[in-house]
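S.K.: This is the structure, below, for whatever I ask next.
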Amino acid sequence: MSTFLDDGLARNFLAGAWVDGDGGRTIAVEDPGTGAHFADAAQAGEATLAKALEAARASFDRGDLADMKPGDRGRLMLRIAREIRLIAAEGADALCRESGKSLSAAHDEFEEAAQYFEYYGGVADKIEGKSIPLGPDYADFTVFEPYGVSAQVVPWNFPVSIAARSLAPSMAAGNSTIIKSPELDPIALAMLGQALERAEVPAGAVSILNGIGADLGARLVASSDVDQIVFTGSVPTGQAILHAAAETVTPSLMELGGKSAAVVFEDADLDGLMRSLQSGIFYNAGQVCSAMARVLVHRSIYQEVVERAAALANGLSVGHGLDNPEHTPVVSALQLSRVEALTQTAQQDGARVAAGGARLEREGYFMAPTILADVDPGARVAQQEIFGPVTCLTPFDTEAEAIAMANGTEFGLVAGVFTRDLARSHRVARKLRAGQVFVNEWFAGGISTPFGGVGKSGFGREKGLEALYNYVRTKNIAISLKG
Ligand code: NAD
């Protein structure tokens, strides 16, 4: 067993070394399953950030990754994947305790992180430009170049897999990367640094810093030493970061929130829908950007779906993540208050609570699995992201009405269609305003399928080959052959 948390402190991974926080400051991390203190993270501030920026720039200028043979860079990334699997058991235990998620979900995160390094490691030597015909007097070709220093700010709902989702293509392209971990659950992500260290990633090519968003995060994204910003998180923070990026004219990738809808037609397989509903809104206690936050159901099957959804919610096993229950706590006391408060506006806005509706009276931060029925599409719960185990059911009569409702928020991250009619599934999928559409299975797809939003869900795409092109810029080289 590693001694990583032997003194209960997760340090910053900087230039290949483990460093304490500025002035010895620390961030206390809780176990949301009990509310008790779990561990501490060394809190980086201005001084540590300056060192990380310097190390990242020096590594980039030396060409540590960018000038490495692409195939060797790919093999380095495959070593990282192997090392991630070696720390996965210990890492998942820490992730479960600090985030509240189930142990199996925490394992899934480490496995997914390993797969990102395999996927992008495999394409590191396939980032090919093209030649452009200009006639016999010229040779013209494009090359893809890394940006330089990529600043990546990560949210708390999937800290390890989301960090890997951006770090892996960033490395494959040859950038240096600085990751700002989420303050609520930074421990498992710091452990990812162990995998990087053991895989012998060049010092400075990747740093992982623990810090507070308004302090370290804001300083990082405002720095003129950063060449690219990758942000995954809430809309207000994304907007603040875009303001900072405007000052330095720094290209940015925004993966923001959602209020995604499933459209369920009268011929849908309802057993399959219930499986999708369980993962879609109760996995990770609904703290998923692409959660099934709304379910629009054809009126002819609406009552049946409401009853089955309520029975599903009421029947979920509840417990501490370490016991692998079906329902786990939300990440913090503050998050629980936010989720409960927004949920409680539902009745004022005319909805009916078919299951749950309030916190569970038990140790830890548990919101009851909640099904809200007869939700007006304009109600607060149908428009704002709740980011908890709460979904909103609304009946519809026609396909056109369902599409209008599904598209009727300021978000557009994912959407779903449940029908056995192939032609209808294609037709509706094309009309839905979302970056990704699931047909008959919520979360269908994986690390190789492009993911990202429209509207206030953000811009740019992560996952798949598509994501690679967020981490490079095109240079055209035109050569005159005259004379
Ligand atoms: P958040 O915006 O509060 O925080 C995200 C990160 O930003 C944290 O690391 C935080 O410390 C940092 N931060 C906060 N203020 C900052 C600032 N001024 N400058 C720079 N960094 C700052 O979001 P959250 O509560 O951690 O995550 C939940 C949100 O993330 C939800 O809205 C969810 O939908 C969204 N999300 C989106 C995706 C996606 O891929 N589209 C994935 C996961 C989560």
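S.K.: Please list 233-244, 109-120 highest first by mean number of surrounding beta-carbon atoms within 10 Å per residue. Let's see the in-between values first.
M.R.: Working: 233-244: 17.6, 109-120: 23.4.
Top of the packing list down: 109-120, 233-244.
S.K.: Let me ask something additional. Using alpha carbons only, how many angstrom separate the centre of the stretch 59-110 from the centre of the stretch 279-340?
M.R.: The stretch 59-110 and the stretch 279-340 have Cα centres spaced 29 Å from each other.
S.K.: Continuing with the same structure: Return a single number: how many Lys pairs in the chain, at a sequence separation of 8 or more or on separate chains, have alpha-carbon atoms below 22 angstrom apart.
M.R.: 15
S.K.: Divide the volume of the convex hull of the Cα atoms of the chain by its number of residues and quote the answer in cubic angstrom per residue.
M.R.: Values: hull volume 71.8 nm³, N = 483.
Convex hull volume per residue, Cα atoms: 149 Å³.
S.K.: Carbon-plus-sulfur fraction of the accessible area of the chain, 1.4 Å probe, in percent?
M.R.: Details: 9430 of 18450 Å².
C and S fraction of accessible area: 51 percent.
S.K.: With the Cα gyration tensor of the stretch 337-418 giving a ≥ b ≥ c as the square roots of its eigenvalues, does the rule (a/c under 1.5 for rounded; else a/b larger than b/c for prolate; else oblate) give rounded, prolate or oblate?
M.R.: Numbers: a/c = 2.17, a/b = 1.87, b/c = 1.16.
In terms of gyration-tensor shape, prolate.
S.K.: Here is a further query. Quick one: net charge around ASN210, please, counting Lys, Arg +1 and Asp, Glu -1 for every other residue with C-beta under 13 Å from its C-beta.
M.R.: On the way: positive: ARG11, ARG25, LYS180; negative: ASP20, ASP22, ASP40, GLU98, GLU183, ASP185, ASP215.
Local net charge: -4.
S.K.: To continue, here is another question. Provide the solvent-accessible area of PHE13, counting protein heavy atoms only and rolling a 1.4 Å probe, rounded to the nearest 10 Å².
M.R.: My reading of the accessible area for PHE13 is about 10 Å².
S.K.: Normalised by the residues of the chain, what does the relative contact order come to in percent, with Cα pairs under 8 Å and at least six apart?
M.R.: Details: 1158 pairs, mean separation 84.1, N = 483.
Value for the chain: 17 percent.
S.K.: For the chain, what is the accessible area per residue in Å², given a 1.4 Å probe and the full set of protein chains?
M.R.: Values: 18450 Å² over 483 residues.
Averaged over the residues of the chain, the accessible area is 38 Å².
S.K.: Let me ask something else about it. Given an 8 Å cut-off on Cα distances and at least 6 residues of separation, report the relative contact order of the stretch 261-449 as a percent. Please list the in-between numbers first.
M.R.: Values: 375 pairs, mean separation 52.1, N = 189.
Answer for the stretch 261-449 is 28 percent.
S.K.: Any idea what the relative contact order of the stretch 159-308 is, in percent, if you count C-alpha pairs under 8 Å spaced at least 6 apart?
M.R.: On the way: 162 pairs, mean separation 25.0, N = 150.
Once normalised by length, the contact order is 17 percent.
S.K.: Roughly what % antiparallel, to the nearest 5, for the DSSP beta bridges in the chain?
M.R.: On the way: 27 of 68 bridges.
Roughly 40 percent of the beta bridges in the chain run antiparallel, per DSSP.
The values are calculated or read from the model by the stated rules, or taken from the named source; none is laboratory data. Please read these numbers as outputs of a predicted model, since none were measured by experiment. Neighbour counts run over all protein chains shown; Cβ positions are idealised from the backbone, glycine included. Surface accessibility is based on the protein's heavy atoms, side chains included, excluding ligands, DNA and RNA. Shrake-Rupley method; radii C 1.70, N 1.55, O 1.52, S 1.80 Å.
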